[in-house]
1. Between residues in region 32-43 that are closer than 14 Å to Ala7 by Cβ and at pLDDT 85 or above and residues that are surrounded by 10 or more Cβ atoms within 10 Å (Cβ to Cβ) and of a type in the set (A, V, I, L, M), which pairs lie under 9 Å by C-beta distance while being six or more apart or on different chains?
2. Among the residues of region 44-68, count how many are within 30 Å of Ser5 (Cα to Cα) and of a type in the set (Ser, Thr, Tyr).
3. Looking at (1) modelled with pLDDT under 90; (2) part of a helix (DSSP H, G or I); (3) not hydroxyl-bearing (Ser, Thr, Tyr), can you tell me which one Gln57 breaks?
4. Could you give me the residue pairs with C-beta distances under 8 Å whose first residue belongs to region 17-29 and is among the aromatic types (Phe, Trp, Tyr), whose second residue is assigned to a loop (DSSP other than H, G, I, E, B) wherever it lies, and which are 6+ apart or on separate chains?
5. Being within 12 Å of the chain's Cα centre (by Cα), among the hydrophobic types (A, V, I, L, M, F, W, C) and surrounded by 11 or more Cβ atoms within 10 Å (Cβ to Cβ) is the filter here, so list the residues in region 1-44 that pass it.
6. With the requirement that a residue be among the charged types (D, E, K, R) and part of a loop (DSSP other than H, G, I, E, B), what does region 8-44 give you?
7. Exactly one of (1) modelled with pLDDT under 95; (2) surrounded by 10 or more Cβ atoms within 10 Å (Cβ to Cβ) is unmet by His47. Its number?
Amino acid sequence: KKQFSPAGLNLLNNNGEQAGQTVFHYHVHLIPRYGKGDGFGAVWKSHASDYTFDDLQTIAATIQKGLE
């Protein structure tokens, strides 16, 4: 930030082939952000309407069990 004075910074890590990782190793992309229209954007499709409240409760319980 000191050298290039971006307004913000995105940290990006691709983990696994389906996430875009082509060679198994750890790395992080540091993406400087200079405001809207800076040429970087990500589109995340929401799947919220694909699940009922009961589905979400089941997912939450599965996550909670994994954290125990």
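1. Partner pairs satisfying both residue conditions: Pro32/Ala7; Pro32/Leu9; Arg33/Ala7; Arg33/Leu9; Tyr34/Ala7; Gly35/Ala7; Asp38/Ala7.
2. So in region 44-68, the residues within 30 Å of Ser5 (Cα to Cα) come out as 44.
Add one more test, that the residue is of a type in the set (Ser, Thr, Tyr), and what stays is none.
So the count comes out to 0.
3. Going through (1) modelled with pLDDT under 90; (2) part of a helix (DSSP H, G or I); (3) not hydroxyl-bearing (Ser, Thr, Tyr) one by one, Gln57 breaks only (1).
4. As it stands, the answer is Tyr26/Asn13, since those pairs meet every condition given.
5. Leu12
6. Selection gives Lys36, Asp38.
7. So the condition that His47 fails would be (2).
The values are calculated or read from the model by the stated rules, or taken from the named source; none is laboratory data. Everything numeric in this text was worked out from a predicted model, so none of it was measured. Here the Cβ is made from the backbone with ideal geometry for all residues, glycine too, and neighbour counts use every protein chain on show.
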